[in-house]
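Everything below concerns the one structure shown next.
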Amino acid sequence: MCINFCCSHFSHFMQGLLIGLSQYSCVFNSSFTLIHNCKKTDSGACGLQFSRHEAGVTHVLVTGGAGYIGSHASLRLLKDNYRVTIVDNLSRGNKGAVKVLQELFPEPGRLQFIYADLGDQKSVNKIFAENAFDAVMHFAAVAYVGESTLEPLRYYHNITSNTLLILEAMASHGVKTLIYSSTCATYGEPEKMPIIETTPQFPINPYGKAKKMAEDIILDFSKRTDMAVMILRYFNVIGSDPEGRLGEAPRPELREHGRISGACFDAALGILPGLKVLFSCILIATGSLYSLVYGCISSCRINITLMLFLMK
């Protein structure tokens, strides 16, 4: 089944979809610094809140939560009363985004930020050992196609290897829900358009190949366990918080590698003669795998809706 849906009807579509689907295993530095939103006098109690499961509270680990999509997902989770732990090494993330979230949600036990490198196995295991996570949203990754061709080993380490470490830690600590952020780059250059769920995946660059490998690892593992997983393949995500609190912060040194946001800015400034928009808002579904061409805010809502579905 293939369904193309417009933005305005998405919430109604998801309600019907969640009712209709019955299977939920789908593709859909050596140390770290911990920052709680707590007063010094109650920091111990605050840390305890993150380290234990609490009835009626869902604790979500958001890797790459200081990044573009990750920070918006964290905002949406916090607005929906989830407990959130952000892990980010800030190599591509925005420290200002974390500060905004901390100021918006200063209550103890709501948000903590951990500065850590997900490529360090000891740090990853320590984070999982000291926190009681109910679910993981794995956004953290370097994500420039052009850069991946120049630094392929960095991409395989950062994407494929780090995802494996996350999966191993989840398995060791009994965390059974994963939402994975993948990419349309896994499709390569399809012979037919539009891309649908049966479109073969033949990535043509290290970024797409690294993501495809991570997908395969996740799916192979989920088949042999009771872990519920969904993989979201993003196309060109764009947009920001309507209230202007968060947004994309592209680094000038990466401008040459290109992003749709950069192309929009260049067109607005007259550097480019114009901008051709090929897609606006399309949802394609098969009941086992979801692919999205969507705005950032909507994609974050989708992440949370699918997480709830997996946890049922």
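The set of residues in region 179-229 that are among the charged types (D, E, K, R), surrounded by 14 or more Cβ atoms within 10 Å (Cβ to Cβ) and more than 15 Å from Ala141 (Cα to Cα) contains only Glu197. Apart from one condition, Phe133 fits all of (1) within 24 Å of Asn158 (Cα to Cα); (2) at pLDDT 95 or above; (3) assigned to a helix (DSSP H, G or I); the exception is (3). Contact annotation: residue pairs with Cβ atoms under 9 Å, 6 or more positions apart or on different chains, pairing a residue in region 131-145 that is hydroxyl-bearing (Ser, Thr, Tyr) with a partner that is modelled with pLDDT under 95 and surrounded by fewer than 24 Cβ atoms within 10 Å (Cβ to Cβ), are Tyr144/Leu254; Tyr144/His257; Tyr144/Gly258; Tyr144/Arg259. Does Val84 fit the bill of being β-branched (Val, Ile, Thr) and either in contact with a Leu (Cβ under 6 Å, 6 or more places away or on another chain) or modelled with pLDDT under 95 (or both)? Spelling it out, Val84 is indeed β-branched (Val, Ile, Thr) and either in contact with a Leu (Cβ under 6 Å, 6 or more places away or on another chain) or modelled with pLDDT under 95 (or both). For region 249-282, taking the residues that are among the acidic types (Asp, Glu) and over 20 Å from Ala185 (Cα atoms), the one that is modelled with the highest pLDDT is identified as Asp266. When region 204-213 is filtered for residues that are over 20 Å from the mean Cα position of the chain (by Cα) and not aliphatic (A, V, I, L, M), only Asn205 remains. Put simply, of Ile69, Ile86 the only residue that is in a strand (DSSP E or B) and of a type in the set (A, V, I, L, M, F, W, C) is Ile86.
Taken as a whole, the condition of being at pLDDT below 55, crowded, with 18+ Cβ neighbours inside 10 Å and aliphatic (A, V, I, L, M) does not apply to Leu21. Hey, among Gln102, Gln112, which residue is surrounded by fewer than 20 Cβ atoms within 10 Å (Cβ to Cβ), over 21 Å from Lys176 (Cβ atoms) and in contact with a Leu (Cβ under 8 Å, 6 or more places away or on another chain)? Matching residue, one of Gln102, Gln112: Gln102. Answer yes if at least one residue in region 147-157 is closer than 23 Å to Asn89 by Cα, crowded, with 19+ Cβ neighbours inside 10 Å and at pLDDT 95 or above, and no otherwise. Yes - at least one qualifying residue is present in region 147-157.
Selection of region 181-232 for residues being closer than 21 Å to Glu151 by Cα, of a type in the set (S, T, N, Q) and not in a helix (DSSP H, G or I) yields Ser181, Ser182, Thr183, Asn205.
So that you can scan it fast, the table gives a plain yes or no per residue for (1) touching a strand residue (DSSP E or B) at 6+ places or on another chain (Cβ under 8 Å); (2) at pLDDT 55 or above; (3) under 30 Å from Pro194 (Cα atoms):
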residue: Lys40; (1), (2), (3): no, no, no
residue: Val57; (1), (2), (3): yes, yes, no
residue: His72; (1), (2), (3): no, yes, yes
residue: Asn94; (1), (2), (3): no, yes, no
residue: Val100; (1), (2), (3): no, yes, no
residue: Glu103; (1), (2), (3): no, yes, no
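Scanning region 130-157 for residues that are out of contact with any Lys or Arg (no Cβ under 7 Å at 6 or more places or on another chain) and under 29 Å from Gly47 (Cβ atoms) gives Glu130, Asn131, Phe133, Asp134, Ala135, Val136, Met137, His138, Phe139, Ala140, Ala141.
Number of residues in region 162-180 that are part of a loop (DSSP other than H, G, I, E, B) and over 21 Å from the mean Cα position of the chain (by Cα) equals 0.
The values are calculated or read from the model by the stated rules, or taken from the named source; none is laboratory data. These numbers were taken from a predicted model, which means no experiment stands behind them. Note: ideal-geometry Cβ built from the backbone for every residue, glycine included; neighbour counts use all protein chains shown.
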